[in-house]
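Q: Structure incoming, see below.
The values are calculated or read from the model by the stated rules, or taken from the named source; none is laboratory data. It should be emphasised that the depicted structure is a prediction, and the values quoted were computed from it without experimental measurement. Neighbour counts are summed over all protein chains in view; Cβ atoms, including those assigned to glycine, are modelled from backbone coordinates with ideal geometry. These area figures cover heavy atoms from the full protein model, side chains too; ligands, DNA and RNA do not enter into them. Shrake-Rupley method; radii C 1.70, N 1.55, O 1.52, S 1.80 Å.
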Amino acid sequence: MLKEVLKSILLSQQAWLIEEDREIQREQLAAFASLSPFGYILTGVRRSGKSTLMKQIMRQQGSVNYFNFEDSRTAGFDLHDFLTLEELFSELTNDTQWLFFDEIQNIEGWE
């Protein structure tokens, strides 16, 4: 994918990070207070609050490095595009310590 396309998607998805009045604080959030530098996968049934929990973890960690692969504009994203996405996170936030991906299973071979 073109870098400018990825940048446009990334910037438009930032609006999702704004806290909503109706947002319910997740009980599990306390378990993520101190994360070690590893990859984590949140799993659960549909509509159980995984994305909301991830958003709250992001706020707790002070990160805005978020990308949602359920966005129809990400069609055609492949493994090589992860390098470009990491570049964009670095350029836009000057931080790539924490990267948060939603619906990453939509990308073949992501693991």
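Q: Can you name every residue in segment 41-57 that is open to solvent by 90 Å² or more (accessible area, probe 1.4 Å) and not basic (Lys, Arg)?
A: Of everything in segment 41-57, those that are open to solvent by 90 Å² or more (accessible area, probe 1.4 Å) and not basic (Lys, Arg) turn out to be 41, 43, 45.
Q: With (1) within 26 Å of residue 2 (Cα to Cα); (2) at pLDDT below 95; (3) in a helix (DSSP H, G or I) as the list, and residue 58 as the residue in question, which single condition is left unmet?
A: All conditions are met except number (1).
Q: Find the residue count for segment 1-40, including only residues that are open to solvent by 60 Å² or more (accessible area, probe 1.4 Å) and outside any helix (DSSP H, G or I).
A: 15
Q: Do you know which of the residues in segment 1-34 that are among the β-branched types (Val, Ile, Thr) and under 18 Å from residue 57 (Cβ atoms) is nearest to the chain's Cα centre (by Cα)?
A: So the residue we want is 18.
Q: A further question on this structure: Tell me yes or no: at least one residue of segment 102-110 is part of a helix (DSSP H, G or I), open to solvent by less than 70 Å² (accessible area, probe 1.4 Å), among the β-branched types (Val, Ile, Thr) and out of contact with any helix residue (DSSP H, G or I) (no Cβ under 7 Å at 6 or more places or on another chain).
A: yes
Q: With respect to residue 52, determine if the residue is touching a Lys or Arg at 6+ places or on another chain (Cβ under 8 Å) and among the hydroxyl-bearing types (Ser, Thr, Tyr).
A: Yes: the conditions hold for residue 52.
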